[in-house]
Each structure stands twice: as structure tokens, then as C-alpha cells.
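Let me begin by presenting the structure, written as C-alpha cells, before commenting on it.
The values are calculated or read from the model by the stated rules, or taken from the named source; none is laboratory data. Since we're looking at a predicted model, the values are computed, not measured. A quick note on method: Cβ atoms are made from the backbone with ideal geometry, for glycine too, and the neighbour counts reach across all protein chains shown.
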Amino acid sequence: MIIDFHTHAYPDKIADKGVQYIGDFYALPMYGKGTIAHLKQVEREAGVTYTVVLGVAVRPDLVQSINNWLLSVLDDELIGFGTIHAAYEDNAGEIARFLAEGCRGAKIHPDMQEYVIDDPRLDSAYDYLSQVEAPLMVHLGDARYEYSMPQRLAKVMDRFPRLKVIGAHLGGYTRWDDALTLCGRENLWLDTSSALWALDPALSRNIIERHGEDRILFGTDYPVSLPEREFQLLDRLGLSDSVKEKILYRNGAELLKIPARK
């Protein structure tokens, strides 16, 4: 079984624009169509069992509508992480709502949302997530901005030691030296999305080994990439089958408390 812990999708009528926005933001070619139907198709064809779909509201007035749409598409295959925004008036309340209605965690993308990870307006969200033990997915490490510096996440985790955090892109995206400073932190998981194609395999393996094989999660960053491509990139790291099993499924299942299938 496999969990893809990092994907994005959009309502059909705006999927083309959503994919183009990501491609333009990162100056990257896109591999996916951005629709729920195409996401499910490529995941099923690749043997993915569960897919985590991440909401991102680039403006605070979009938070509720994006979360409402995300909640409407969740099913036995799709797991939702709702969006919050530093400028939204009641992040803790919105988290309580979308967790109660079916999401399993929250997501922030400081670069696209244009605020720093350690913005004090997010304290209520971090405190609430800590209390209910729901994970927070954090985009990390774009060298073009100061918003998502790994050092800012370190400050948050020092202040909220019970907060469970998933650091996207192996914790650094394009700030790999900074990412290494996060390795070994308690309550921190790192996902492989948009990292394996950007990094020399030796550095990817170094980050994985330094952080610990029990807290690495597989992610494609669909529509930026596709599962079959990411499987090939993971294979070139030379990890043992038992370590790959942890990354591809077991670690994510334990974090999300997914019961073992009989």
C-alpha cells in the first residue's frame, strides 16, 4: 500500500488556471491536469491507496470556500488538509470546523500566501492543532523569499513543542543547508515532494538518514509531478525495501492513524 502525502487539485472549472498558476510561480513544467478525476486516475494506475489533497487559499476571503470544496470531494481514497491564512479572522475555529467535517490536518504555504511561518497571527492555529494533535503541513524553503525559511519553522516548534509538523520538500526545497538544521527534530516529519528531482541523490539520502527513516513521507506534489516518476526517483537513492515501505506507507499510516487492512 502507498500514501501520497502531498498533492494539489482544483474544481474542474478552474483546474487549468490552478495548474498554470503553480507552473508560473515556480517556472516548472506541469505533469498533471489538476482535476480530481485526473488525480485519482494517475494515483490508481500507480497503485496509490490514499492521497492527501492540500488546500491553499492565497487570500483570506477564499479560506472557507476552498475548504468547503475540499470537504465535498473527500472519500475513501482522498484525505484532506484544510487551508488557513494568517489574515483570516478565526483560524482555530475554521480548523475545528474542517476537522469535524472530515479533514485530517491543516496546510500553510507562506510563499504563496505572503506571510512568515512564525507570524503571531497564526499562534491560535498552532495552539489548537497542538491540543487536538492534528498535523500541520508547511511549505518550506523557497530561496526567493523569507516567508518559508526553515529557521522560522524552528522558532514555531520551539514555542509549540507538541505541534506535529510535516515539512514539505524534505524541509528545504531550495534551502538545503537550512533544511539540514531541522533534521532530528521531534514531532517533525519531512515529505519527499518536489525534492527528489531537485537534489543529488546523495544529499536526499543524507537528509533522510539524518532525520530518521521513521519520519519521512512520500509525496508527489501533483500536478508538479506524477507518482511513477517519483517512484523512479526514490528508487535511485538505493534505500532498502524496508525503508521504502516506511516512506511509501507505514510512516504516513501511523501519523494519520490509519488502521491496518486485514
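Go through the stretch 210-246 and report how many residues are within 14 Å of the chain's Cα centre (by Cα) and over 29 Å from residue 16 (Cα atoms).
The number of residues fulfilling the criteria is 2.
State yes or no: is residue 106 under 24 Å from residue 225 (Cα atoms), in contact (Cβ under 8 Å) with a residue 24 or more places away in the chain, of a type in the set (A, V, I, L, M) and surrounded by 23 or more Cβ atoms within 10 Å (Cβ to Cβ)?
Considered against the rule, which asks whether it is under 24 Å from residue 225 (Cα atoms), in contact (Cβ under 8 Å) with a residue 24 or more places away in the chain, of a type in the set (A, V, I, L, M) and surrounded by 23 or more Cβ atoms within 10 Å (Cβ to Cβ), residue 106 comes out as yes.
Restricting the first residue to the stretch 65-76 and requiring it to be under 12 Å from residue 101 (Cα atoms), which pairs with a second residue that is among the hydroxyl-bearing types (Ser, Thr, Tyr) and modelled with pLDDT of 95 or more meet a Cβ separation below 8 Å and a spacing of at least six or different chains?
These pairs meet every condition: 67/83; 70/83.
Of the residues 190, 182, which is crowded, with 24+ Cβ neighbours inside 10 Å, at pLDDT 95 or above and either within 14 Å of residue 168 (Cβ to Cβ) or not hydrophobic (A, V, I, L, M, F, W, C) (or both)?
Unique residue meeting the criteria: 190.
Checking the conditions here, which among 58, 52, 63 is of a type in the set (A, V, I, L, M) and closer than 26 Å to residue 259 by Cα?
Step by step, each of 58, 52, 63 is checked, and only 52 is of a type in the set (A, V, I, L, M) and closer than 26 Å to residue 259 by Cα.
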